[in-house]
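**Q** For reference, the structure I am asking about is given below.
No value in this document is a laboratory result; all are computed from the given coordinates. Computed from a predicted model, the values in this text were never measured in an experiment. Ideal geometry is used to build each Cβ from the backbone, glycine not excepted, and the neighbour counts take in all protein chains shown.
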Amino acid sequence: MSKSMSRKARANLMLLALAMIWGGSFVSAKLAMESFDPYFIMVLRFFIGALAMFLLFPKERKKANKATVVGGVEIGLLLGIGTAFQMVGLQYTTPANQTFIIVSYVITVPLIRFLVSGIRPGKNIMVAAVFTVIGVGFLTLGPDLAFNRGDVFTFIMALLFAVQIIRIDGYMPRVESAIFFTTIQIFVAGIVSAVLFFIRGAGTVVGPVTTKSIAAFLYLVVLNTAVAYYLQNGAQRDASPDESALIISSESLFGTFAAYFFAGEEFYPKKILGCLLILAGQFVAQVLPALRKILAERRVSM
């Protein structure tokens, strides 16, 4: 295996681990919000995560260059605002709904790249977009054909995350330290969260504090923040935005399993159909072209 292939395989494994962590974050956030204000959770998770990164990797600060600092600030702003939409949206929708709506970035990433840089998406992207839109409709629209407020907030978060993926890809080749980039990113997200907390926060503790809610909060701080964003930033050195979006989108499956096993969420036929259509959209957008490319390469080598 060549060095470039080895780095790419490592990046893919990091992104898969990231998807598993983020898949569990929807249920964790829902459980944590039973005891704590969502903005308060954001403040603690980002500041504690940034402090942990800062103390654990002191030598990385010496590697900071302009791209590391400027990029970290920009991505941190996107992260803080996007997470606010996610947390507030989760108050009005279910973990399973949220995890499937968020993975719409597997479609929006190529579309945004086309609008910004003129990289035209293939016909498969357009077909996938139709699957995704219909799937989200089955998943979220009620009898009155109206979107749940939480679903709308979640979709806004998905758009912001798509922009985040593209911008990270632009910064990573110029960043000296992915670790310090992550530290700045999380710290800036913490500042955004603190501002939102003082403006819109309802307090700190909003319900009985339980062992379950504390465990969920620790999951958000340690795995879903410090570990997860380091994995994303490090992996995107060697993976394209479209590849990253594809692999990370598998969080929808992990999130669904978590919602079923840990949150007791039920899946009735209409909801299952919506989930299957969204997965079909992901398959058409990313997996099918990759399979065609592999088969074409095998024919050439034979």
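**Q** When the dipole is taken about the Cα centre of the range 31-108, and only Lys, Arg (+1) and Asp, Glu (-1) are charged at their Cβ, what size is it in debye, to the nearest 20?
**A** Roughly 520 debye for the range 31-108.
**Q** Using the Cα atoms of the chain to build a convex hull, what is its mean projected area in square nanometres?
**A** 17.4 nm²
**Q** If all Cα-Cα distances of the range 49-93 are sorted into 10 Å bins from 0 onward, what percent lands in each bin, rounded to whole numbers?
**A** The calculated distribution, bin by bin, is 22, 39, 26, 12, 1.
**Q** Once the mean 1/r over all distinct Cα pairs of the range 44-133 is inverted, what Kirkwood radius in angstroms do you read off?
**A** 16.4 Å
**Q** Still on this structure: Across all directions of projection, what mean area in square nanometres is found for the Cα convex hull of the range 176-292?
**A** In nm², the orientation-averaged hull projection of the range 176-292 is 10.5.
**Q** Out of residues 5 or more away from residue 36 or on other chains, whose amide H comes under 5 Å of its own, with H placed 1.01 Å from N in the peptide plane?
**A** Long-range HN contacts for residue 36: 206.
**Q** Ok, one more. Could you derive backbone 3J(HN,Hα) for the range 204-221 from the dihedral phi with the Karplus parameters 6.51, -1.76 and 1.60 (θ = phi - 60°), listing whole Hz in sequence and x where the residue is Gly or Pro?
**A** Result, ordered by residue: 9, 9, 10, x, x, 7, 10, 4, 5, 5, 5, 4, 5, 5, 4, 4, 5, 6 Hz.
**Q** Going Cα to Cα from residue 270, which lysines come in below 30 Å? Please leave out same-chain ones fewer than 8 positions away.
**A** Residue 270 reaches 30, 123.
**Q** Once the convex hull of the alpha carbons of the range 186-238 is built, what does its volume come to per residue, in cubic angstrom?
**A** 81 Å³
**Q** Could you give the spread of the C-alpha atoms of the range 63-200 along their three principal axes, from largest to smallest, in whole angstroms?
**A** Here the spans come out as 54, 43, 20 Å, largest first.
**Q** Then there is this: Please turn the phi angles of the range 109-118 into ³J(HN,Hα) values with the Karplus equation 6.51 cos²θ - 1.76 cosθ + 1.60 (θ = phi - 60°), one per residue in order, whole Hz, x for glycine and proline.
**A** For the range 109-118, the Karplus curve yields 4, x, 5, 5, 4, 5, 5, 7, 10, x Hz.
**Q** Classify the range 1-81 as rounded, prolate or oblate from the Cα gyration tensor: take a ≥ b ≥ c as the square roots of its eigenvalues, call it rounded if a/c is under 1.5, otherwise prolate when a/b beats b/c and oblate if not.
**A** Verdict is oblate for the range 1-81.
**Q** While we're looking at this one, here's another question. Each residue of the range 18-32 in order: what ³J(HN,Hα) in whole Hz does its phi give by Karplus 6.51 cos²θ - 1.76 cosθ + 1.60, θ = phi - 60°, with x for Gly and Pro?
**A** For the range 18-32, the Karplus curve yields 4, 4, 5, 5, 5, x, x, 6, 5, 5, 4, 5, 4, 5, 5 Hz.
**Q** Put +1 on the Cβ of every Lys and Arg and -1 on every Asp and Glu Cβ in the chain; which of 284, 214, 68 then has its Cα farthest towards the positive end of the dipole?
**A** It is 68, whose Cα lies furthest towards the positive end.
**Q** Starting from the eigenvalues of the Cα gyration tensor, five times each then square-rooted, give me the equivalent ellipsoid semi-axes of the range 165-212, largest first, whole Å.
**A** Sorted largest first and rounded, they come to 32, 14, 9 Å.
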